[in-house]
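Scroll down for the structure; my scribbles are underneath it.
Throughout, read-outs are computed from the coordinates displayed, never taken from laboratory work. Quantities reported herein were computed from a predicted structural model and do not represent experimental measurements. Reconstructed Cβ throughout: ideal geometry from the backbone, glycine too, with neighbour counts over all protein chains shown.
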Amino acid sequence: MSDQNGWNEYSRLVLKELETLAIGISNLNAEIQDVKKEIALIKDREDKVDKLTDWKEKVSDIVSPSQLNGMVTEIKELKEFKTKSITIFAVVQFIMGIVMWWLNYSGK
């Protein structure tokens, strides 16, 4: 009878250890899934970096950074010239309108 009682205690202990191992394995599986997600994110970022590197090489084949900087400077200068020329044109038109009005008004 005492052998049977010992077996019951031992089997409960074994079951408890198996449950503990099952919980541990479950936790490890969850951590593995997290690691897989992180690896997928890293691969995605790596792909993006590769695409950007390819794009940079293609752009560098077309124009160098110093040429690109020069173009940006030229564009800024052209925008300033456009603004100045439109302003001057508007002022000249306004003056011409005043002169025309004055000639019409003083001629009558």
Which of (1) 5.9; (2) 17.7; (3) 6.5 is the computed mean projected area of the Cα convex hull in nm²? It is (2)
Taking a cut-off of 23 Å between Cα atoms, list the lysines near K48, but don't count ones fewer than 8 places away on the same chain.
K36, K37, K56, K58
Computed, not fitted: 222 nm per-residue ellipticity of the chain from DSSP H runs ≥ 4 (each -39500 (n - 2.57)), nearest 500, equal to -36000 deg cm²/dmol
Please name which of A40, A30, T53 has its Cα lying farthest along the dipole of segment 1-62 towards the positive end, using unit charges on Cβ (Lys, Arg +1; Asp, Glu -1) and the Cα centre as origin.
T53
Expressed as an acute angle from 0 to 90° and rounded to the nearest 10, what is the orientation of the C-alpha long axis of helix 65-107 relative to the principal long axis of the chain?
40 degrees
For the chain, with a Gaussian network of springs between Cα atoms less than 10 Å apart, report the residue from S66, S11, S26 with the top mean-square fluctuation.
S11
Candidates Q67, Q93, Q33; GNM for the chain (alpha-carbon contacts under 10 Å) flags as most fluctuating Q93
I want to verify a result. In a Gaussian network model of the chain, Cα cutoff 10 Å, which of these has the top mean-square fluctuation: K36, K58, K16?
K16
